[in-house]
Every structure is written in structure tokens, then in C-alpha cells.
């Protein structure tokens, strides 16, 4: 089992805005994809759609301003059953976001792509909270021919 | 053992320019850090310096336009003995770069940071080859308080 790991520091004095951006449909649409629907409640399923496909995520843990965990219940075969774990904490003027997409069976080439792409989306989340403007799909940063 | 993985597609019709950006001091200074010195030959040691510290990399494999491998011989404790493996291949109008920083002993928080930071530097490499201008340190994209 191999994981995708990331860490960004968002300049915001409490973890609240980052937590909101991970736990509301409006917030998620502001940095990941414009086309976000579904339920962001515990046990709900969020539906993220992109020009090339999409992901359905069951919300399996919500600890206000501390942690969010999703389980992938729909999407590319490699993603099904993997989990996406967001941990937040305050550190001075920053909210630190520790990200882990875990449970990949093999380090396939698609996983390399997803790692880079997650990095750009985390920068989009950071920008959304810091400036009010993220870069969600279809206005996202292109990393390759696979975008 | 856990790895950092990334993949970018650089719009360039042959792998040559990407290979040059990984195997010459001038090329490396164009996307990773302005302050790059040392020998880029097989068995040589490249010295990369940043405002907060630096890395020394022994060049352990050079396969023109296909593969470059560095072993970390100086730098933060977590990096010593890890390897950085670059694989290149042509795919239509793109040069695909598969990146792996392998041999981390533990998925420490610093590894999360390095994963995100490598992603931004790979985008800098892509930009250098595509536009002639990268974003090497100290002009690099800031991802957190640790930059």
C-alpha cells in the first residue's frame, strides 16, 4: 500500500475557513471542481465531476476544524476503496493542512499523476482561503496531457 | 519505505530539453534553485542551495533522454541515502516525466511538505522548458511557513 502525501500552510488565523472549504458544497466548488453536488454531512456522499470523469466520496469522519475523512465509493477503479484524510491544525498565523490519499494498491503511473494534481488543488484551496479565489476545474492548472 | 511520486507532461517534441534541464548546472538553476553548483557528470556531486539549507546529490545514473538518478549525500537527515529517480519518455507532443523520491524511512510531516514542494518544482521545470522561464528558489512558489 502506498500513499499520496501533501502539506500546505494556509495563512488564516483559525482553522475554520479551511474546514468550511472541505465540508460545504460551496467551499469544495471553490477549489476542486465547479461541478460539486451531494451531501457534505457525515455519512453523505459528495459528487465531484470533472470534464474527464469524476469521484463520489462518502464522508466518513468530520471533526470540526480538525479532521475530515472521505472514502471513495465511485470513480476510477484505482480510487475505489481508497481514503482521503485531511488533518488541520493551527500553527501561529497558519492553518496547517496535512493530506493523505491512502490505500492505493500499486504505485501505477496514474498515481504519480494524481499526486501532482492533488498538489495543485491544495494550492488552489490555499488560494481560495487566502484570496477568495481558487482554481477549481475546469479552470485548474494543467499538469500534463492527462488533465 | 514510502515514496514521493509525481508525473508531469511537458509540451516539447523530444525529451532532449527536459534531459538538459536535469543534467546541466545551468538547466537545474533554471527551475530548482538559482544557487546550483558542482558536477553534473556521472559520479559527480551537484550542490543545490536554498535560503533555508541545501542538498548534495551524487549523480548515479545518466541514460541520455531516458533516465537520471541522484543519491542524496548531503542535506537534511531524512533525505540522506534517499534517491531521486527521473524517467523520461516521449508521448506525442509531450515529454512525460515520471518522478520518484524513494527511500524515506517514515512518512514524517516533512515528507508531506517535500511532496507538495516537489510538485511545484516540477511545474517550474515544465514552465522552463515550455516558456523559457521557470520559478527556481528564491523565486519559487511558497506552499507554507516551512518554505
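The values are calculated or read from the model by the stated rules, or taken from the named source; none is laboratory data. Owing to the predicted nature of the structure, the values given are computational and were not obtained by experimental measurement. Cβ coordinates were reconstructed from backbone atoms using ideal geometry, including for glycine residues, and neighbour counts include every protein chain displayed.
Looking only at segment A:132-147, how many residues end up being more than 14 Å from chain B (Cβ to nearest Cβ) and under 15 Å from residue A:51 (Cα atoms)? Before you say what the answer is, go through the steps one by one.
Here is the first cut: in segment A:132-147, the ones more than 14 Å from chain B (Cβ to nearest Cβ) are A:132-134, A:136-139.
Subset that is under 15 Å from residue A:51 (Cα atoms): A:136-139.
Final tally of qualifying residues: 4.
Can you spot a residue in segment B:35-55 that is within 19 Å of residue A:146 (Cα to Cα) and either modelled with pLDDT of 95 or more or touching a strand residue (DSSP E or B) at 6+ places or on another chain (Cβ under 9 Å) (or both)? Please lay out each step first, then the result.
Within segment B:35-55, the first condition is being within 19 Å of residue A:146 (Cα to Cα), and the residues that meet it are none.
Within segment B:35-55, none of the residues are within 19 Å of residue A:146 (Cα to Cα) and either modelled with pLDDT of 95 or more or touching a strand residue (DSSP E or B) at 6+ places or on another chain (Cβ under 9 Å) (or both).
Only residues that are farther than 22 Å from residue A:95 by Cβ and touching a strand residue (DSSP E or B) at 6+ places or on another chain (Cβ under 8 Å): list them for segment A:130-139, please. Talk me through it step by step, then tell me what you get.
Step one: of segment A:130-139, the residues farther than 22 Å from residue A:95 by Cβ are A:137-139.
Answer for segment A:130-139, where residues must be farther than 22 Å from residue A:95 by Cβ and touching a strand residue (DSSP E or B) at 6+ places or on another chain (Cβ under 8 Å): A:137, A:138.
What are the residues in segment A:68-79 that are in contact (Cβ under 8 Å) with a residue 24 or more places away in the chain, more than 11 Å from the chain's Cα centre (by Cα) and surrounded by 17 or more Cβ atoms within 10 Å (Cβ to Cβ), if any?
The one that is in contact (Cβ under 8 Å) with a residue 24 or more places away in the chain, more than 11 Å from the chain's Cα centre (by Cα) and surrounded by 17 or more Cβ atoms within 10 Å (Cβ to Cβ): A:79.
Sort through A:48, A:55 and tell me the only one that's touching a helix residue (DSSP H, G or I) at 6+ places or on another chain (Cβ under 9 Å) and within 15 Å of residue A:118 (Cα to Cα).
Numbers: A:55 fails: touching a helix residue (DSSP H, G or I) at 6+ places or on another chain (Cβ under 9 Å).
One residue alone meets the criteria, A:48.
Only one residue in A:128, A:88 is more than 8 Å from chain B (Cβ to nearest Cβ) and outside any strand (DSSP E or B), so which one is that? Break it down into steps so the answer makes sense when it comes.
Values: A:88 fails: outside any strand (DSSP E or B).
A:128 is the lone residue from the list that is more than 8 Å from chain B (Cβ to nearest Cβ) and outside any strand (DSSP E or B).
Could you tell me which residue of segment B:1-37 is surrounded by the most Cβ atoms within 10 Å (Cβ to Cβ), considering only residues that are within 14 Å of another protein chain (Cβ to nearest Cβ) and more than 17 Å from residue B:97 (Cα to Cα)?
B:2
What are the residues in segment B:137-147 that are surrounded by 20 or more Cβ atoms within 10 Å (Cβ to Cβ) and in contact with a helix residue (DSSP H, G or I) (Cβ under 6 Å, 6 or more places away or on another chain), if any?
B:143
Restricting to segment B:44-60, what's the tally of residues that are part of a strand (DSSP E or B) and more than 14 Å from residue B:82 (Cα to Cα)? Give the steps one after another, and end with the answer.
The first filter runs over segment B:44-60 and keeps only residues part of a strand (DSSP E or B), leaving B:45-50, B:53-60.
If we keep only those that are more than 14 Å from residue B:82 (Cα to Cα) too, we end up with B:45-50, B:53-54.
Qualifying residue count for the region: 8.
Anything in segment B:101-117 that is in contact with a helix residue (DSSP H, G or I) (Cβ under 8 Å, 6 or more places away or on another chain), at the interface with chain A (Cβ under 8 Å from one of its Cβ atoms) and in contact (Cβ under 8 Å) with a residue 40 or more places away in the chain? List them, or say none. Give the steps one after another, and end with the answer.
From segment B:101-117, those in contact with a helix residue (DSSP H, G or I) (Cβ under 8 Å, 6 or more places away or on another chain) are B:101, B:104, B:115-116; that's our starting set.
Next, only the ones that are at the interface with chain A (Cβ under 8 Å from one of its Cβ atoms) stay: B:115-116.
Answer for segment B:101-117, where residues must be in contact with a helix residue (DSSP H, G or I) (Cβ under 8 Å, 6 or more places away or on another chain), at the interface with chain A (Cβ under 8 Å from one of its Cβ atoms) and in contact (Cβ under 8 Å) with a residue 40 or more places away in the chain: just B:115.
Looking at residue B:82 and the list (1) more than 18 Å from residue B:2 (Cβ to Cβ); (2) free of Cβ contacts under 8 Å to residues at least 40 places away in the same chain; (3) crowded, with 20+ Cβ neighbours inside 10 Å, which single condition is not satisfied?
Here residue B:82 clears every test but (1).
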